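The numbers here are math on the coordinates, done by the rules we state, and not lab data. Just so it is clear, the model here is predicted, and its values are computed rather than measured.
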Amino acid sequence: MTSLLDALPSTARAWVLSVAPDDRIALLGAFSGAARNVGKDPCAVPERGTWGADELARAALLVRGAASVSPEELYDRGDNRERQAVLRALPLLEAPERFLPLAVEACRTNVLTIFEAIACENPYPQRHFPEPNWNQMVLKVAFNGLALARIVGLAARSNDELARMASDFAAERRAAGRPVPADLGSVMKGETT
């Protein structure tokens with residue numbers, strides 16, 4: 001939590017801290033109004049990439065007010081940037097494994113920025129996804145042309161089924177005359193693309 005607040009400019013940090021974490025109505029209002037209050041300028045978050053100031057403020061609000069508002073509620077009611085903030089905050093919440101259904105469902109989206117929020121620079125999938133969901137997420141990263149290096153813990157979660165799926169995906173791409181992602185070999189055991 002401290003690193004989230006530290007990544008915010010001082011005025012945005014003060015605004016987040018001014019919202020009472022036990023005031024549900026204030027939290028909901030602040031969550032939806034974060035962009036108006038702190039803007040969307042990029043902020044570097046250590047080991048988590050670059051977030052918009054509004055996403056960072058929203059994640060900090062959620063972590064501070066998790067006893068008053070649920071990630072599921074904020075995600076269901078949120079716009080795309082609000083949903084991204086929720087997904088990025090999941091690994092910072094107490095007992096984060098309870099939000100697995102939300103995280104897995106987020107991987108099914110067709111909105112690339114929402115998918116990136118759960119799949120890229122986010123330790124949640126590495127720590128909590130069952131192998132089938134992990135493998136599907138990794139393949140979707142490759143399918144969408146995102147760098148596999150953005151997946152936290154990819155090497156540690158390597159498995160035979162993922163290698164087989166990646167090989168099949170590469171073969172399908174070649175058969176269709178489409179390029180194979182250059183980094184796909186990182187999950188295909190002993191193969192090169």
Query - Mean-position separation - Cα centroids, segment 135-193 and segment 11-55, in angstrom - result: 35
Query - 222 nm mean residue ellipticity, helices alone, for the chain (DSSP H n ≥ 4; -39,500 (n - 2.57); rounded to 500) - result: -16500 deg cm²/dmol
Report task. Consider the candidate values [x] 1.11; [y] 1.72; [z] 0.96; state which one is Cα Rg over 2.2 N^0.38 Å computed from the structure displayed. Result -> [x]
Query - Convex hull per residue volume in Å³, alpha carbons only, for segment 96-193 - result: 88
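So which DSSP H runs in the chain come out at 15 Å plus along the axis (Cα) with average Kyte-Doolittle of at least -1.0? Intermediate values should be presented prior to the final figure.
Working: long enough: 24-38 (20 Å, 0.81); 53-64 (16 Å, 0.57); 131-143 (18 Å, -0.13); 160-175 (22 Å, -0.68).
The qualifying helices are 24-38, 53-64, 131-143, 160-175.
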